[in-house]
Amino acid sequence: MSKARLDPVSEQAIDWMVRLRAGKTDARMQERFNAWLALDPAHAQAWARLQERLGGSWNTLRTLEKRLPGEARQVLLQPHGSRRDTLRAIGGLGLLGGGLWLAARSPLGDNLLADLHTARGQRQTFTLADGSRLSLNAQSAVDVQFDPHQRLIILRHGELVIQVAADAQRPLRVRTAQGSIQALGTRFLVSQEPQATRLVVLEHSVQATLRNGVQRTVLEGQAVMLQADRIEPLAGNQGFRADWLAGHLSVLDDSLEQVVNALRPYSRGFVRVDPQVRDLRVQGVFPLNEPHRAFGALAETLPIRVDHYSPWLTLIRAK
């Protein structure tokens, strides 16, 4: 039986992903890629479909590409089911040296391996075995490890709010890439960001501990960022960051790039922000369930233009 092949446009999208992610991207290559995206709506649709299916698991494939040049493209060219099995095997066998952890922290790994997860545009609240209430933001995933000796939640990807049920014998911990947060009868928010963990304490207090042993007690109304080597306090009450529970994105003073990153789990297709406008400061309240309205509101209040070339491609740049 002949091996099924992807359509030519999908193969072009894979070639572009390998080129853009495998090494340094110069301005000329970026211009050529933007031109390819805009040439045909099918190009943008294929690119968005690839981004959605692969997600952050490109970290795993990038390591593979460095060790075995050309292999990342071959994995991506496989049919979806085979690609999923291949990525699982790469992680499980430890072929990449830490590949399982990289894959587990990716959106694809979430779907394959996580105990609980949410899809694009989906928020969901779960009641755990101990009675704790766990809410996941869109495109988030966790593992739940409860036994007679511990209550552990591993945040693979995304953002959560948890109302912790009291259990004096088993304090509940949330573990992220940077460290862990321990609580007893409290409510708090944890967000796994690209290079740090955001912690916002909504009720009572928690103990934050980095992997290097650094600790800090965080009280109700306080927030911190867990970096690799330090815990940084954040100014002001950050409780508004839990407004996604009600379908709102509340912003007091974040960069445009941060706001777009918060909208991506709710947006279809590929959204690119030009580097010239990424650092613009934003304030406002935006509807998560209607990202097009949110992008429109940003265009009205900032010196930017938001161009939708199809449901699969949005470009944000200076006016």
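The values are calculated or read from the model by the stated rules, or taken from the named source; none is laboratory data. This structure is a prediction, so every number in the text was calculated from the model and none was measured. So basically every Cβ, Gly included, is an ideal-geometry build from the backbone, and we count neighbours across all protein chains shown. What goes into the accessible areas is simple: the full protein's heavy atoms, side chains included, and nothing from ligands, DNA or RNA. Shrake-Rupley method; radii C 1.70, N 1.55, O 1.52, S 1.80 Å.
Summary table
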quantity	calculated
Alpha-carbon gyration tensor eigenvalues x 5, square-rooted, for region 167-241, Å	17, 16, 10
Label-to-label distance, nm, for residues given as residue 170 and residue 120 (7 Å Cα→Cβ offset)	3.7 nm
Kirkwood hydrodynamic radius (C-alpha pairs) into Stokes-Einstein, region 240-319, 10 °C and 1.306 mPa s, D in µm²/s	127 µm²/s
Nonlocal amide H pairs with residue 248, under 5 Å, H built at 1.01 Å	288
Interchain or long-range residues, amide H under 5 Å from residue 157's placed H	141
³J(HN,Hα) computed for each position of region 251-266 - Karplus, 6.51 cos²θ - 1.76 cosθ + 1.60, integer Hz, glycine/proline x	10, 9, 6, 10, 6, 4, 4, 5, 5, 5, 4, 6, 7, 4, x, 10
Hz values of 3J(HN,Hα) by residue in region 219-232 - Karplus curve (6.51, -1.76, 1.60), Gly and Pro given as x	8, 3, x, 9, 9, 9, 10, 8, 8, 4, 10, 7, 10, 9
Using alpha carbons only: equivalent-ellipsoid semi-axes of region 147-211, gyration tensor based, whole Å	19, 13, 10
Percent carbon-and-sulfur accessible area, region 167-319, ignoring ligands, DNA and RNA, probe 1.4 Å	47 percent
Cα gyration tensor shape of region 130-170, rounded if a/c is under 1.5, else prolate or oblate by comparing a/b with b/c	oblate
By average C-beta atoms within 10 angstrom, highest first, the peptides 281-293, 175-187	175-187, 281-293
Amide proton proximity set for residue 121, modelled H, under 5 Å, gap of 5+	139, 266
